[in-house]
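Take a look at the structure set out below.
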Amino acid sequence: MKEQTSFLVTTMNKSIDYFEHYDKHLIIFDFDETLCHNPSAKVYIRNNRTDQTIEMSPTEYSSWRSTDEYEKNKSDWEMNFEEFQNYPKNGKPITSTVEKLKHYASRDHYVVALVTGRDNLIGPKKWMSDFYIPINKITMHCSGSPDKRNCFRSLINTFEPMHVTIYEDSVEYIEQCQEICAFFEIPFSGVLVKDGVIKINWRKNDTKS
Ligand SMILES: [Mg+2]
């Protein structure tokens with residue numbers, strides 16, 4: 001019995017050291033147009049005053065929402081997200097970011113998260129599984145709105161990372177993540193993905209990969 005107790009104490013001490021040893025780095029991936037290229041899928045925005053319907057890509061939609069046009073008079077608008085509520089049928093993996101995700105997910109000192117603006121995870125999970133993306137290594141969150149700040153805040157509170165990197169196709173979401181990291185005083189890196197290619201990498205020289 002005595003031996004058992006000392007074994008337990010040793011294990012617990014080891015466990016604490018284990019976590020202190022690592023410089024935990026949280027890597028956040030968006031889903032649509034960051035991991036999954038599906039250019040034919042659109043958001044449909046109908047203006048009830050003019051009876052006109054505008055087609056937008058998810059990136060265009062998040063830019064439009066940041067203009068506050070919708071907030072000014074919500075009843076003027078009707079939105080149809082149907083093409084982003086299910087399995088992305090024509091979705092092709094964006095190899096450069098998918099490979100990054102697999103790399104990080106296979107290493108202990110990275111915490112890999114998916115933060116999507118979708119309102120459910122069924123489609124993305126099935127799609128990722130079909131393309132051998134290790135979904136069991138990823139913590140997944142959907143904001144269900146063009147404000148992902150709550151997801152970013154919750155991830156930082158949960159994992160207390162030393163550094164945050166986000167892969168996104170939308171500048172608005174990169175800025176939201178940067179804002180939350182600044183609040184928690186955590187070093188931040190943003191990587192912009194456009195048309196299936198990593199375009200701009202805002203990593204600073206003093207940050208880790
Ligand atoms: Mg996106």
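Quick one: grab the alpha carbon gyration tensor of the range 64-209, order the square roots of its eigenvalues as a ≥ b ≥ c, and give me rounded if a/c is under 1.5, else prolate or oblate depending on whether a/b is larger than b/c. Cα axes put the range 64-209 in the oblate bin. Beyond 22 Å in Cα-Cα separation lie the following of the pairs Lys89/Lys199; Lys24/Lys92; Lys100/Lys194; Lys100/Lys126; Lys24/Lys199; Lys42/Lys74: Lys89/Lys199; Lys24/Lys92; Lys24/Lys199. Assuming charge only on the beta carbon of Lys and Arg (+1) and of Asp and Glu (-1), the dipole of the range 67-209 about its Cα centre is about 740 debye to the nearest 20. Taken about its Cα centre, the range 43-84 carries a charge dipole of roughly 140 debye when the Cβ of each Lys and Arg holds +1 and the Cβ of each Asp and Glu holds -1. Listed from fewest to most Cβ neighbours within 10 Å, the set His103, His25, His163 follows the order His103, His163, His25.
Here each label is just a point 7 Å from Cα along the line to Cβ, and for Asp51 and Phe184 those points are 5.0 nm apart. Considering every alpha-carbon pair of the range 43-84, the percent of pairs per 5 Å bin, from zero through the bin containing the longest distance, is 6, 23, 33, 28, 9, 0.
Annotation: extensible slack from Tyr70 through Ile135 equals 20.0 nm (criterion: 0.36 nm per residue apart, minus Cα-Cα distance). Averaging the sequence gap over all C-alpha pairs within less than 8 Å and six or more residues apart, then dividing by the number of residues, gives the range 43-84 a relative contact order of 54 percent. When the range 109-202 is described by a simple charge dipole with +1 on each Lys and Arg Cβ and -1 on each Asp and Glu Cβ, the residue from Pro124, Ser189, Leu114 located farthest towards its positive end is Pro124. The gain in end-to-end length when the Asp119 to Asp147 segment is fully stretched comes to 8.9 nm, 0.36 nm per residue minus the alpha carbon separation.
Each value in this text was obtained by applying a stated rule to the coordinates, not by laboratory testing. For clarity, every value in this text was computed on a predicted model and none was experimentally measured. Ideal geometry is used to build each Cβ from the backbone, glycine not excepted, and the neighbour counts take in all protein chains shown.
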